[in-house]
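Inspection log for the structure reproduced underneath, given as structure tokens.
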There are 2 protein chains.
Amino acid sequence: MNVAVMGAGAVGSSVLELAAEYGHTVTAMADSSSAVVDPGGLDATTVLDRKNAEGVVGSADPEDALEAEYDVLVEATPTTLGDAEPGFGHLRTALERDRHVVLANKGPVAERYGDVRELEAESEGEVRFEATVGGAIPVLSTIESFGPDQITTVRGVLNGTANFILTRMQNEGLSYEHVLAEAQDLGVAEADPSFDVEGTDAALKFVIVANVLRDGAELTLDDATVEGIHELPASALDLAEEDGQTIRLIGEVTEDGVRVGPRLIPENSALAVSGTQNIVQFETTYAGSLYNSGRGAGGPETATAVFADIGHLE
Amino acid sequence: MNVAVMGAGAVGSSVLELAAEYGHTVTAMADSSSAVVDPGGLDATTVLDRKNAEGVVGSADPEDALEAEYDVLVEATPTTLGDAEPGFGHLRTALERDRHVVLANKGPVAERYGDVRELEAESEGEVRFEATVGGAIPVLSTIESFGPDQITTVRGVLNGTANFILTRMQNEGLSYEHVLAEAQDLGVAEADPSFDVEGTDAALKFVIVANVLRDGAELTLDDATVEGIHELPASALDLAEEDGQTIRLIGEVTEDGVRVGPRLIPENSALAVSGTQNIVQFETTYAGSLYNSGRGAGGPETATAVFADIGHLE
């Protein structure tokens, strides 16, 4: 398929680099201030070298990428809250042109799910967004396979940064501040870590899961009960450990809604994944609990989910 | 959809019991010596009560179920090796009538994969078989989502009976014979446990995975290297434990083919699942390792996979 990529961060760059491997052609790419368009297909190395050297992918206007020839628009600009712009506008333009949209950007489906479904209903294009939840871990496609009606609860660890910090705090007996600084040095945490450590990122993912699970719920971040790990004392982890337990930033979608917060869980629980691993537990009506786990973030990992979605559109 | 069910064991019965819940109608069901057909839909309780009381589901000939009106034939007769009959013949009849086939029976896709694909190519019907590998755990649909080309190795524990025996042997320090007898009492192992403990059942599942993963491979059980757990001394588990390791019956599909046998793995490895749990690890080219786990067997669990497959046909 012909693919246009909005966003030239880790995910957008990986989509550009790997597209040929999956049999697709990237005909346009945009970052926040520029775009490059070539109906014959972009050369990944040329575009990414220019991005590295000059800070822009090309000399065209970002809007030109939206108007280019493509079958699928991959929306990989940073997640924004509230009106979810500019991601939502990109999605709207593509759907109005009857093109498919694959989202890596959580904003549109976490904050404006109803609007997205409405635009999709009026379009020949389809919207898919496996990449917004847990990187390459098949979360939404698993719900789709079983049928949302057959899943009573979805629970798990969907923020690798918070999980890395909690794991290190417990294993090494270090303070939150110490481990956070270490995580920032390693590139596991961002300079401003609030999105991850305050639970916002995990909450957005569970809101998306809830929107898929409960037809018509149309939840947003405001509907979720969210508590982060940034005020967790190291002593809480010590106390947990004495009792054979540990603390993880657990999110869940139940009949009562969406909740994210630090929870005590047994050390040998399947949910007690280490480091940046993510895990999702699906409680089903007739098949007990199923667990999917793996790396929940990263450019190539998330691009893998994007290509899985594109595969479903073919 | 209208569904005909061949086989009235645990899986077939669960498909009959749960069909309405998933919005489907069972129009025919057969066991090895009888059948019951009703285009308006069978009543699950009536059929299963008769099966329990009289040993037959109805008074018609099993062939009548094959000739009934249905959109999907669910083949849930016991797995047989070699010619995979009678399951293969049932599949052939349905495909020749341009009906879909959903397999819970491993035989046709483990022993005659090429023949199945050939018949499918000539039919309007499609063949799906998620239920043949790991109960409700999404194994084949995960491979389908990522694309077989992106998965380098599939590895894991796909026999709950063997895993239960190994877990108990290690945790309680008991002999193989002792735990096997206990498992038979609990219904976890069959009276003749050879299919499970000799590795055949796991090998069939990994052969199916290999057939899906490597287009044109058309492997059979004969192509797999298989070793069971029935000759494993308790002392081997003791030695493993002293070294922080454990032993599991691990199967894998690699470039070198299909191999099943007892393997030493670290006690804290994701693959070291307990009891009757199953787990599958997918090594991917760009997204690291992903793990799916859950109950790999059981009537309702396997029926859940059957309905997921039927959902994909709609």
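Within region A:263-276, which residues are touching a Gly at 6+ places or on another chain (Cβ under 8 Å) and either at pLDDT 95 or above or under 21 Å from A:L219 (Cα atoms) (or both)?
Selection gives A:P266, A:L271.
Criterion first (within 14 Å of another protein chain (Cβ to nearest Cβ) and under 30 Å from B:R97 (Cα atoms)) does B:R214 satisfy it?
no
Quick one: how many residues across region A:200-220 are in a helix (DSSP H, G or I) and among the basic types (K, R)? Give the steps one after another, and end with the answer.
First, pick out the residues of region A:200-220 that are in a helix (DSSP H, G or I): A:200-213.
Now restrict to residues that are among the basic types (K, R): A:205.
Qualifying residue count for the region: 1.
I need a count of the residues in region B:81-136 that are β-branched (V, I, T) and over 23 Å from B:A224 (Cβ atoms).
Number satisfying all stated conditions: 3.
I'm checking my understanding of the structure. Among residues of region A:150-175 that are under 27 Å from A:F282 (Cα atoms) and of a type in the set (S, T, Y), which one is surrounded by the most Cβ atoms within 10 Å (Cβ to Cβ)?
Looking only at region A:150-175, we keep the residues that are under 27 Å from A:F282 (Cα atoms), and these are A:150-168, A:170.
Applying the additional criterion that residues be of a type in the set (S, T, Y) yields A:152-153, A:161, A:167.
Numbers: A:T152: 13, A:T153: 15, A:T161: 24, A:T167: 21.
The extreme case among them is A:T161.
Report, by residue number, each residue of region B:269-286 that is touching a residue at least 24 places away in the same chain (Cβ under 8 Å) and out of contact with any Leu (no Cβ under 8 Å at 6 or more places or on another chain).
B:L271, B:A272, B:V273, B:S274, B:G275, B:T276, B:Q277, B:E283, B:T285
Which of (1) farther than 22 Å from B:I310 by Cβ; (2) in contact with a His (Cβ under 6 Å, 6 or more places away or on another chain); (3) of a type in the set (A, V, I, L, M) does B:A53 not meet, given it meets every other one?
(2)
Per-residue answers, yes or no, for (1) assigned by TED's automatic domain parsing to the domain that holds B:A35; (2) within 22 Å of the chain's Cα centre (by Cα); (3) more than 17 Å from B:A8 (Cβ to Cβ):
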{"position": "B:P62", "(1), (2), (3)": "yes, no, no"}
{"position": "B:E85", "(1), (2), (3)": "yes, yes, yes"}
{"position": "B:A94", "(1), (2), (3)": "yes, yes, yes"}
{"position": "B:N105", "(1), (2), (3)": "yes, yes, no"}
{"position": "B:A131", "(1), (2), (3)": "yes, yes, no"}
{"position": "B:F164", "(1), (2), (3)": "no, yes, yes"}
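Yes or no, residue by residue, for (1) within 19 Å of the chain's Cα centre (by Cα); (2) open to solvent by 50 Å² or more (accessible area, probe 1.4 Å); (3) at pLDDT 95 or above:
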residue	(1), (2), (3)
A:A217	no, no, no
A:L221	yes, no, yes
A:G228	yes, no, yes
A:D243	no, yes, no
A:I250	yes, no, yes
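Considering region A:140-176 alone, what residues qualify as being aromatic (F, W, Y) and within 12 Å of chain B (Cβ to nearest Cβ)?
A:F146
Every residue in region B:271-314 that is more than 17 Å from A:F282 (Cβ to Cβ), more than 7 Å from chain A (Cβ to nearest Cβ), open to solvent by less than 60 Å² (accessible area, probe 1.4 Å) and part of a loop (DSSP other than H, G, I, E, B), please.
Within region B:271-314, B:L271, B:A272, B:G275 meet the criteria.
Quick one: in region B:252-270, of everything that is open to solvent by 20 Å² or more (accessible area, probe 1.4 Å) and either part of a loop (DSSP other than H, G, I, E, B) or of a type in the set (G, A, S) (or both), which residue is nearest to the other protein chains (Cβ to nearest Cβ)? Explain how you work it out, then say what you get.
Within region B:252-270, the first condition is being open to solvent by 20 Å² or more (accessible area, probe 1.4 Å), and the residues that meet it are B:252, B:254-257, B:259, B:262-264, B:266-270.
Pick out the ones that are also either part of a loop (DSSP other than H, G, I, E, B) or of a type in the set (G, A, S) (or both) and you get B:255-257, B:267-270.
Details: B:E255: 18, B:D256: 23, B:G257: 25, B:E267: 11, B:N268: 9, B:S269: 12, B:A270: 7 Å.
Among those residues, the one meeting the criterion is B:A270.
Return yes or no: is A:I137 within 14 Å of chain B (Cβ to nearest Cβ), in contact (Cβ under 8 Å) with a residue 40 or more places away in the chain, surrounded by fewer than 22 Cβ atoms within 10 Å (Cβ to Cβ) and closer than 30 Å to B:I151 by Cα?
no
List every residue pair whose Cβ atoms sit under 6 Å apart, with the two residues 6 or more apart in sequence or on different chains, where the first one lies in region A:83-100 and is among the small types (G, A, S) and the second, anywhere, is open to solvent by 40 Å² or more (accessible area, probe 1.4 Å) and modelled with pLDDT of 95 or more.
Pairs found: A:A84/A:R112.
The values are calculated or read from the model by the stated rules, or taken from the named source; none is laboratory data. It should be emphasised that the depicted structure is a prediction, and the values quoted were computed from it without experimental measurement. All Cβ positions, glycine included, derive from the backbone under ideal geometry; neighbour counts span all protein chains shown. Each accessible area value is taken on the protein alone, full model and side chains, heavy atoms only, with ligands, DNA and RNA left out. Shrake-Rupley method; radii C 1.70, N 1.55, O 1.52, S 1.80 Å.
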